[in-house]
Amino acid sequence: MAWFRRRPAPGALHHSDRGSQYASHDLQRKLAPYGMRCSMSRKGSCWDNAPTESFFTSLKNERVHGTRYRTHRDAVADLFAYIEVFYNRSRRHSSLGFMSPTQFMQDWLAAQRTKDTAE
């Protein structure tokens, strides 16, 4: 749950499917101190899976397809590097206007600073 590190603004939504782990009282207790609200998809709503399916397609096609890992530890290390170092920081995403998440965040923060100084 990377959003814990980002300290989202109160009122942010935590959207998930209807899995029991997301509807649990434990998760609700974790969301409360952050002022986050829980949002769940309708039963049988296939559209919520599209971003996840897109990610796993990218992972499979860009990193894992045809790869044989010697050990479980090698696989974990390689997948961590792909997700945390490449995918979440450098890879260009069509949903972000073909910018990397890092560049998108830097641009957004700069816009926020500009907005704050203009007020």
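Taking residues in region 92-118 that are surrounded by fewer than 11 Cβ atoms within 10 Å (Cβ to Cβ), and partners anywhere that are part of a loop (DSSP other than H, G, I, E, B), the pairs with Cβ atoms closer than 9 Å and at least 6 places apart or on different chains are Phe98/Arg92.
Of the numbered criteria (1) modelled with pLDDT of 75 or more; (2) part of a helix (DSSP H, G or I), the one Asp48 fails is (1).
Of the residues making up region 82-119, just one is of a type in the set (D, E, K, R), within 19 Å of Ser54 (Cα to Cα) and in a helix (DSSP H, G or I), namely Glu84. Residues that are more than 21 Å from Thr102 (Cα to Cα) and in contact (Cβ under 8 Å) with a residue 12 or more places away in the chain were ranked within region 49-89; the one that is surrounded by the most Cβ atoms within 10 Å (Cβ to Cβ) is Val64.
The values are calculated or read from the model by the stated rules, or taken from the named source; none is laboratory data. Quick caveat: nothing in here was measured; it's all calculated off a predicted structure. We place every Cβ from the backbone using ideal geometry, glycine too, and count neighbours over all the protein chains shown.
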